[in-house]
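The numbers here are math on the coordinates, done by the rules we state, and not lab data. Keep in mind it's a predicted model, so treat the numbers as computed, not measured. In this analysis, Cβ positions are derived from the backbone assuming ideal geometry, glycine residues included, and neighbour counts consider all displayed protein chains.
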Amino acid sequence: MSSSLTDLFNTYALTEYQRCASHKVKATKNMPTRFKEWPDEEIVWAVAVVTIGMPDKPTESDKKFYTRAIAQRVRRLEEAEAIYGWFTLQWTPRTMQRLITNWYCGMLVIDPELHTASGAPIQFVREFYGPESKYPQPEGQDDEWKKESVQLYVLMARSICLSYPTATTQGIVSLSDMQNFDWAVYDMSTKERNANIGALIPNKLKQMIVFNPDEKMRIFYKDMTRRMRKKYGFAQYEDLANAMEGESSVIPSMDRLPNFMGGLRKVDIFKCLKYLFRREPDALNLLMKEHAHMEASGAIPHPIHMQ
């Protein structure tokens, strides 16, 4: 066993089956041309994401199913590179500035000090499209902006994989406050453009919890079958209190919940961003540079819900 794989197995706390599956897929033939050049961690991510939800005591039939699914997932990485640049896409000043702006508005924030009872990372989302967010009006949502949005999604997914091992072994839990959601401004084609990404890159949204819905969201949720809600891990609550009662093992206590989500904890956004890039020196340097530039020019947003 290679030392790199041994270290990765321990870092990701893989089960015996997952370890065997990692070795098996490395020895699989008919893999993409550059498969041998890919880091072992890519294999570990594929194995981990595919086996989320696998029975604790899998049958032989289960093992065969997951073994095939893992090999298929690894093969898809070639498509992930061809379509999204999964291996080669790099952070740029523009995408870094958008990330900084989003997180300082409370959108898609991950705090390393906050996680579910099982250890899964939580992505906190304050749906906000006010002027501080620099989210364009529909007429400004051009092809360049849409392309950059996809790139930002892919880049952030990769950085999360690198910095949060449980993002791939357990999946990410999303908690969204919808009180500021704006149907007139939000680009409804975003979900359609991003729909196939999760099937190609190791980015698994395990559970999606929302609260403070509007009437349109209530109708949508009501029309969803119980089976569909379970399949996508989707749960909707009228307010934060109900969400905390229904998801007590997922949502942090009020004193630890971020203030921009209705809690009492002031989150150090810059510290969270630096943690996100703790394994990417070039991206971390770019973050420091762009953050300093935005701070000096007064471009760091400070919407009222973040204060």
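DSSP bridge analysis restricted to the chain gives an antiparallel fraction near 15%, rounded to the nearest 5. Listed by chain and number, the aspartates and glutamates whose alpha-carbon sits under 14 Å from that of Lys63, ignoring those within fewer than 8 places in the same chain, are Glu16.
Between Ser248 and Thr225, the FRET efficiency from the beta-carbon distance, with R0 = 25 Å, is close to 0.50.
Of the residues Ile110, Ile219, the one with the fewest other Cβ atoms within 10 Å heads the list, and the complete ranking is Ile219, Ile110. For the residues Arg193, Arg19, Arg227, a GNM of the chain with alpha-carbon springs under 10 Å puts the largest fluctuation on Arg227.
To the nearest ten degrees, helix 16-26 and the longest principal axis of the Cα atoms of the chain are 80 degrees apart. Ranked by how many other Cβ atoms sit within 10 Å of their own Cβ, fewest first, the residues Ser249, Ser4 fall in the order Ser249, Ser4. A straight Cα-to-Cα reach below 17 Å connects Lys206 with the lysines Lys191, Lys230, Lys231, residues fewer than 8 places away in its own chain not being considered. Arranged from fewest to most other beta-carbon atoms within 10 Å of their beta carbon, Met96, Met294 become Met294, Met96.
On full extension of the chain, what length is gained from Lys191 through Leu89, given 0.36 nm per residue of separation minus the C-alpha to C-alpha distance? It would help to have the intermediate numbers written out before the result.
Values: separation 102, 0.36 × 102 = 36.72 nm, distance 2.08 nm.
Full extension of this stretch gives 34.6 nm more.
With contributions of -39500 (n - 2.57) from each DSSP H run of at least four residues, the per-residue ellipticity at 222 nm computed over the chain stands at -14500 deg cm²/dmol.
In this structure, the amide hydrogen of Phe234, modeled 1.01 Å from its nitrogen in the peptide plane, lies closer than 5 angstrom to those of Met208, counting only residues at least 5 positions away or on a different chain.
Annotation: extensible slack from Ser61 through Thr33 equals 7.1 nm (criterion: 0.36 nm per residue apart, minus Cα-Cα distance).
In debye to the nearest 20, how big a dipole does the stretch 8-81 give about its Cα centre with +1 on each Lys and Arg Cβ and -1 on each Asp and Glu Cβ?
Values: 13 positive and 11 negative charges, 66 e Å.
Rounded to the nearest 20 debye, it is 320 debye.
Relative to the longest principal axis of the Cα atoms of the chain, the long axis of helix 60-84 lies at roughly 60 degrees. Would you work out which of His291, Tyr275, Val125 lies farthest towards the positive end of the dipole of the stretch 93-306, given +1 charges on the beta-carbon of Lys and Arg and -1 on that of Asp and Glu, about the Cα centre? Positive-end residue among those listed: Tyr275.
The angle separating the long axis of helix 143-163 from the principal Cα axis of greatest extent in the chain is about 60 degrees.
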